[in-house]
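What follows draws every value from the coordinates through simple rules; no lab data is involved. This structure is a prediction, so every number in the text was calculated from the model and none was measured. As a convention, Cβ positions derive from the backbone with ideal geometry for all residues, glycine included, and neighbour counts pool all protein chains shown.
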Amino acid sequence: MQTLTSPPHLTAPQQQPDPLWVVTGPTASGKSALALELAAAIGGEILSMDSMAIYRRLDIGTAKPSAADRARIPHHLLDLVEPHEAFDTARWCELAAQALADVQARGRRAIFVGGTPLYLMAFFKGMLQGPGRDEALRQRLEATERATPGALHAELTRRDPAAAARIHGNDLRRLVRALEVLELTGQPISEQQTHFGSDEWQRPCRIAVVQRSREELHARVKVRTEAMLEQGLLAETEAVERAGGFSQTAGAAIGYAECRDFLRGRFKDRTELRNRIRRNTHQLIRRQTTWLRRLPDTIACLPEAGVTALRERLETPVSARPHR
C-alpha cells in the first residue's frame, strides 16, 4: 500500500497563514495573460505549473511566455530539462518547493499558473510514495506498446478504468507507472489516490479558474493553432529531433506529436496536420474542464472582469464569498 507524504518543504499551518494563489483553466482560456497582469499589479512572480513548459526549446508549441514577458515578470519552473530527458512529478514538486521558498524569502507573492492537474494535486495535496521502479517490467510494458500502439491504455481500461479515464492514451510514462503499480502492489493506482478527491489541502491555496464558453475556446484554439504553425512549429520540432529527440512524455505533447507524425509522412498535407492539432486540443480541453469542475471551492473567473476583480476574489476567504 502506498503511503501519503506531505509536500516537500511544507511548513506548519501557523507558519504559513496566507493561502497560495493558483490561476488555472483549460488550454487557450487566457490564464497566462491574466496571471501576468495580476503579477504586475501586486509585484508577484509566476511559478509555471505546465508539464510541457519544463522542456527547453519547446517554445512555440507550449506557448511559453515571451522574453519580454519574462523580463517584465520573473518566471520560474520553465526550461528545466532537455526534451529527451526523463522528468517526473516528484522532481517538479521538489523544484517548485525550492522556487516558492526563494520567492517568499524575498517578500514576494508567488502565483502558480498552469493547467497540469497532476502537478497541482501533488504539490498542494501531497504525493503518494509508491513502489520503486521495476526496470524490467517497464521495458516489457514499453515493448508491448511499441508492438501494439494503444495496448497499454486498453489494458489499464480493463484493470483500472478510473485511472484510464484520467490518463491520455499517448501518455506512455503515466500508463507504464499505473500498470507498474498494479503489478507490484496488486492495487489500482486510482484507489491509492483517493486523497486527490478529498476537500483537504496540505498546502492552503485559493484556486481561480479562468472560464470561457466552449465556442470561444474553440475559436481561440483555431487562431492559436494557425499562429503556432506560422511561427515555425514544424521547424522547431525538426530541430529538436536533430538535437537528441523527444522523450516519450515530451513527444506526446499536443502540437509536437502531430508534427512528428507529419514529418514521418503520416498525414496527407498541412491541412490535416492543422486539423489534427485542433481536434486533439479540443479533446484536451474537455478533459481539463471535467477535472476542473471537480475541484472544491474554486473561484470562477471571467477574463472580461479584469485583474482587479480577480485579485479581490483571491484575497477574500472562501467563507466570506457569496455562494455561487
Comparing Trp21, Trp92, Trp201 in a Gaussian network model of the chain (Cα, 10 Å), the one with the largest mean-square fluctuation is Trp201
I want to check the label-to-label distance for Glu238 and Arg294. Put each point 7 Å from Cα in the C-beta direction and report it in nm to one decimal. 4.1 nm
Among all the aspartates and glutamates, which ones have a C-alpha under 12 Å from Lys125's C-alpha, if same-chain residues fewer than 8 places away are not counted? Asp199, Glu200
Set Lys and Arg Cβ to +1 and Asp and Glu Cβ to -1, take the dipole of the chain about its Cα centre, and tell me which of Leu118, Ala243, Gly25 lies farthest positive. Gly25
If unit charges are put on Cβ atoms (+1 for Lys and Arg, -1 for Asp and Glu) and the dipole of segment 128-201 is taken about its Cα centre, the option from Leu137, Ala165, Leu184 lying farthest towards the positive end turns out to be Leu137
As a footprinting exposure proxy, order Cys259, Cys93 by other Cβ within 10 Å, with the fewest listed first. Cys93, Cys259
Please work out the Cα center distance from segment 208-238 to segment 31-68, rounded to the nearest Å. 15 Å
Met228, Met49 arranged by Cβ crowding within 10 Å, fewest neighbours leading: Met228, Met49
Under 15 Å, Cβ to Cβ, from Leu273 - net charge with Lys/Arg +1 and Asp/Glu -1: +3
At what distance in angstrom do the alpha carbon centres of segment 249-279 and segment 159-187 lie from each other? 25 Å
Only four residue types carry charge here, +1 at the Cβ of Lys and Arg and -1 at the Cβ of Asp and Glu. Report the dipole size of segment 128-201 about the Cα centre in Debye, rounded to the nearest 20. 260 debye
The chain: antiparallel DSSP beta bridges as a percent of all, rounded to 5: 15 percent
So which lysines pass the test for Lys64, namely a Cα distance under 22 Å, with those fewer than 8 places away in the same chain ruled out? Lys31, Lys222
Would you work out the relative contact order for the chain, in percent, from Cα pairs under 8 angstrom that are 6 or more residues apart? 27 percent
